[in-house]
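A quick write-up on the structure given underneath.
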Amino acid sequence: RQLDFRTFTGLPEVVPSRPGRLLTEGTYASIRHPRYAAVILGVTGCALMTNFLGVYLIVLASLLLLPPVIILEERELALRFGPAYLAYRRRVPALIPRRRA
């Protein structure tokens, strides 16, 4: 529900004159990168179900390639949203949610 069509398709990144908004509610209140977490969980689940070497290699590739992508994306988000994003980044973990008290 937090992602409208423009945000889901990446339009704010392509058309800078139409900036997006910083998503901090819903799933984004628990983790900063739910789509990347979903990719990792999805390919891991697929690998465990199929038990096929090629899918395990995709899991390995995603574990190796997503962290640099996350670093670059966070740099861009810090530039775009400034102090609001930096405060959000301090408050919310990247991929693994914290246990709530």
*Of all residues in the range 77-97 being without any contact (Cβ under 8 Å) to a residue 40 or more places away in the chain and surrounded by fewer than 15 Cβ atoms within 10 Å (Cβ to Cβ), which is farthest from Ala29 (Cα to Cα)?*
Leu79
*Close pairs (8 angstrom Cβ cut-off, 6 or more residues apart or separate chains): closer than 12 Å to Phe81 by Cβ and at pLDDT below 90 in the range 19-35, open to solvent by 30 Å² or more (accessible area, probe 1.4 Å) and among the hydrophobic types (A, V, I, L, M, F, W, C) anywhere*: Gly20/Leu11; Leu22/Phe81; Leu22/Ala84; Leu23/Leu3
*Taking the range 77-101, which residues are modelled with pLDDT of 90 or more and either in a loop (DSSP other than H, G, I, E, B) or of a type in the set (D, E, K, R) (or both)?*
Gly82, Arg89, Arg90, Arg91, Val92, Pro93, Ala94, Leu95, Ile96, Pro97
*Could you grab me the full set of residues in the range 38-67 that are open to solvent by 60 Å² or more (accessible area, probe 1.4 Å), among the polar types (S, T, N, Q) and part of a helix (DSSP H, G or I)?*
Thr50
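The values are calculated or read from the model by the stated rules, or taken from the named source; none is laboratory data. Fair warning: this is a prediction, and the values are worked out from it, not measured in the lab. Every residue, glycine among them, receives a Cβ derived from its backbone with ideal geometry; neighbour counts consider all protein chains shown. In case anyone asks, the SASA skips ligands and DNA or RNA and just uses the protein heavy atoms, side chains included. Shrake-Rupley method; radii C 1.70, N 1.55, O 1.52, S 1.80 Å.
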